[in-house]
């Protein structure tokens with residue numbers, strides 16, 4: 001009987017993809033969805049903040065109390081905390097992202113090990129299924145050339161490098177033949193795809209759209225400067241999601257400079273207003289409480305956010321990340337104040353999202369992804385959630401919804 005392996009994935013969509021690569025690469029072991037019956041547990045970790053490291057440590061503590069499984073650590077945290085966790089004998093093995101296709105070999109190791117791998121590695125694996133998913137996550141690039149002052153990721157993922165286009169297209173073709181219609185392009189900095197190789201994210205998406213069975217293409221977070229004139233030419237294409245997640249991180253110019261960001265608020269606002277005219281919902285990343293964020297700068301930032309047509313938000317309070325320039329910046333912002341600012345920002349964007357959904361006149365194109373507590377759930381083309389009440393079996397189906405009810409947290413429809 002094969003030993004059973006449970007995967008616990010923290011962090012971003014790139015980690016979700018990397019976990020799927022490991023699952024697809026396993027031959028000698030069996031996947032289990034039940035942590036309690038696992039012989040081995042693979043933790044695909046996030047280390048974007050010190051807080052992310054804490055979540056991983058807390059999970060390891062939970063495993064130590066509830067399971068006798070061998071614990072293996074991979075992901076970004078393997079590079080920052082792997083050696084210390086191994087030395088503390090809290091994990092059996094640590095390996096970098098580049099080693100994930102050797103998962104069978106790594107799980108079979110009797111002696112504790114540390115194998116950080118190669119930060120110049122580029123995946124060449126073909127994934128043709130996604131366990132428990134109706135959408136497919138496609139990793140198109142790795143690493144980042146930006147050096148934002150608060151971010152450790154370039155140091156644990158390496159510089160930007162792109163996957164081979166033919167491998168990406170082959171993978172999507174296989175997945176489309178297996179019934180997947182929605183594809184989410186992921187990576188550390190997806191907008192940098194093709195840099196230095198005479199291609200681009202826009203060119204890649206055009207080629208993907210020509211594959212039979214591809215219905216919708218979603219994109220991970222991109223930088224404002226990556227919405228080029230070439231990118232703008234595909235905004236009216238029916239296969240492109242009507243939602244873009246564009247990372248700002250802040251809207252006060254002085255804070256953007258402190259963060260060593262490349263975007264400028266004036267241009268950001270002009271870009272967002274252009275996208276809204278094209279019918280797009282717009283999300284962004286934002287950090288509150290970064291060192292140097294005075295009350296005056298915060299008020300300036302909120303004034304600017306109010307003027308932006310935002311609908312979605314991925315925001316968090318600043319958490320010191322050892323080894324980054326921001327970690328030594330002064331003055332620090334009190335954590336309670338940073339959290340209050342976060343809640344103020346979240347409440348504002350929630351209001352904007354509700355207004356967007358109320359003002360939308362048209363049909364919603366929905367992929368039904370899950371069924372729980374008596375309702376089907378999915379996302380529309382604007383990446384807004386919808387709850388569906390139906391006696392039919394809709395799981396995995398595409399449906400067009402016109403007469404829906406806008407509720408505070410989600411849209412609702414009875415079919």
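Only residues that are touching a strand residue (DSSP E or B) at 6+ places or on another chain (Cβ under 6 Å) and over 25 Å from residue 137 (Cα atoms) were counted across segment 357-372, and they come to 3.
Which one is farthest from residue 108 (Cα to Cα) among residues in segment 58-75 that are touching a residue at least 24 places away in the same chain (Cβ under 8 Å) and in a loop (DSSP other than H, G, I, E, B)? Looking at residues that are touching a residue at least 24 places away in the same chain (Cβ under 8 Å) and in a loop (DSSP other than H, G, I, E, B), I get 67.
In segment 116-123 there is at least one residue that is closer than 30 Å to residue 86 by Cβ, at pLDDT below 90, surrounded by fewer than 21 Cβ atoms within 10 Å (Cβ to Cβ) and out of contact with any strand residue (DSSP E or B) (no Cβ under 8 Å at 6 or more places or on another chain).
When restricted to residues that are outside any helix (DSSP H, G or I) and under 16 Å from residue 149 (Cβ atoms), segment 318-344 contains 12. For segment 371-388, the candidate set comprises residues that are touching a residue at least 40 places away in the same chain (Cβ under 8 Å) and either out of contact with any helix residue (DSSP H, G or I) (no Cβ under 8 Å at 6 or more places or on another chain) or surrounded by fewer than 19 Cβ atoms within 10 Å (Cβ to Cβ) (or both); within that set, the residue that is nearest to residue 298 (Cα to Cα) is 383.
Take segment 233-259 and flag every residue that is out of contact with any strand residue (DSSP E or B) (no Cβ under 7 Å at 6 or more places or on another chain) and touching a residue at least 40 places away in the same chain (Cβ under 8 Å). Matches in segment 233-259: 235, 236, 251, 252, 254, 255, 258. Residues that are over 9 Å from residue 224 (Cβ atoms) and in contact (Cβ under 8 Å) with a residue 40 or more places away in the chain within segment 260-273 comprise 260, 261, listed in sequence order.
Do we find that residue 297 is part of a loop (DSSP other than H, G, I, E, B) and either at pLDDT 95 or above or touching a strand residue (DSSP E or B) at 6+ places or on another chain (Cβ under 9 Å) (or both) in this structure? So residue 297 does not fit the description; no. Residues of segment 81-94 that are crowded, with 20+ Cβ neighbours inside 10 Å and modelled with pLDDT under 90: 81, 82. Meeting the requirement of 3 or more residues that are surrounded by fewer than 18 Cβ atoms within 10 Å (Cβ to Cβ), the helices (runs of 4 or more DSSP H) wholly within segment 141-255 are 165-177, 201-209, 229-232. There is no residue in segment 33-48 that is surrounded by 22 or more Cβ atoms within 10 Å (Cβ to Cβ) and in a helix (DSSP H, G or I). Condition test on residue 333, is it surrounded by 14 or more Cβ atoms within 10 Å (Cβ to Cβ) and in contact with a strand residue (DSSP E or B) (Cβ under 6 Å, 6 or more places away or on another chain)? Considered against the rule, which asks whether it is surrounded by 14 or more Cβ atoms within 10 Å (Cβ to Cβ) and in contact with a strand residue (DSSP E or B) (Cβ under 6 Å, 6 or more places away or on another chain), residue 333 comes out as no.
The values are calculated or read from the model by the stated rules, or taken from the named source; none is laboratory data. Owing to the predicted nature of the structure, the values given are computational and were not obtained by experimental measurement. No Cβ is skipped: glycine too gets one built from the backbone with ideal geometry, and neighbour counts run over all protein chains shown.
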